[in-house]
1. Between the range 85-117 and the range 127-170, what is the C-alpha centre distance in whole Å?
2. Using the per-residue mean of other Cβ atoms lying within 10 Å as a proxy for protection, in what order, highest first, do the peptides 107-113, 68-74 fall?
3. Would you work out if the range 117-170 is rounded, prolate or oblate? Take a ≥ b ≥ c from the square roots of the eigenvalues of the alpha-carbon gyration tensor; rounded if a/c is under 1.5, else prolate when a/b is larger than b/c, oblate otherwise.
4. Using a 7 Å offset from the Cα along the Cα-to-Cβ direction at both Glu11 and Glu154, what is the distance between the two label points in nm, to one decimal?
5. Could you order Met106, Met2 so the one with the most accessible surface comes first? Probe is 1.4 Å.
6. Throw me the Rg/Rh for the range 73-159, computed over C-alpha atoms with Kirkwood Rh, two decimals.
7. Which peptide among 156-166, 77-87, 138-148 comes first, and what is the full order, when sorted by highest mean count of other Cβ atoms within 10 Å?
8. Can you list the lysines whose alpha carbon is less than 21 Å from that of Lys117, not counting same-chain residues fewer than 8 positions off?
Amino acid sequence: MMPICPACQFENDDQTALCRRCGRVLDSIIRVISTRKLTDPPTTDLIRYSPAPEGMNQLITQVKLAVSGHDKSIPLDEKKEDVILGRTSGVGEAPTVDLTEFGAYMQGVSRHHASIKIHTNICTIQDLGSANGTWVNQQRLPAYLPYPLKAGDEITLGQLRIVVDIQTMC
């Protein structure tokens with residue numbers, strides 16, 4: 001359904017935040033800017049920080065994210081130290097990895113939900129104060145505390161499940 005401007009009744013396209021005729025902020029964009037609050041999170045237990053997994057003296061060569069229910073995997077740029085996971089809303093800076101095409105809004109993903117940092121021999125994730133939380137293997141992360149990831153870990157952003165593939169070499 002095309003958003004109709006409440007001021008001038010002009011029918012705008014779906015990707016427009018402002019009315020193309022009169023410039024008013026469209027009401028439909030307000031729901032996209034805010035994060036959909038979920039009522040049923042995966043779990044409420046907070047995960048405790050743990051040291052890096054054993055065997056992390058290997059060099060990371062590639063990190064990929066596989067979104068549950070989708071065939072496409074997302075390769076992360078290992079040269080880019082800080083990768084922001086989130087969704088676009090047409091307002092503000094876009095995340096490094098845009099999960100919009102995977103139903104991020106309906107799954108409760110914030111615009112800047114979590115950060116993955118790729119170092120030479122360790123990969124960490126941290127929640128960026130998201131509305132619906134970040135989980136690793138069904139354990140909730142406290143906001144703003146990095147947590148080490150290993151190959152096969154399942155990250156959940158809101159309700160969007162992602163499996164981490166970390167490739168290393170000696």
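The values are calculated or read from the model by the stated rules, or taken from the named source; none is laboratory data. Here the structure is a predicted model, which means the values were calculated and not measured. Positions of Cβ are backbone-derived with ideal geometry, glycine not excepted, and every protein chain shown enters the neighbour counts. The accessibility values were calculated without ligands, DNA or RNA, using every heavy atom of the protein model including side chains. Shrake-Rupley method; radii C 1.70, N 1.55, O 1.52, S 1.80 Å.
1. 14
2. Numbers: 107-113: 24.3, 68-74: 11.1.
Ranked from most to least packed, the peptides come out as 107-113, 68-74.
3. oblate
4. Simple spin-label model gives 4.4 nm for this pair.
5. Numbers: Met106 110, Met2 80 Å².
From most exposed to least exposed: Met106, Met2.
6. Working: Rg = 12.2 Å, Rh = 13.0 Å.
The Rg/Rh ratio comes out at 0.93.
7. Details: 156-166: 21.4, 77-87: 17.1, 138-148: 15.5.
Result, highest mean first: 156-166, 77-87, 138-148.
8. Lys64, Lys79, Lys80, Lys150
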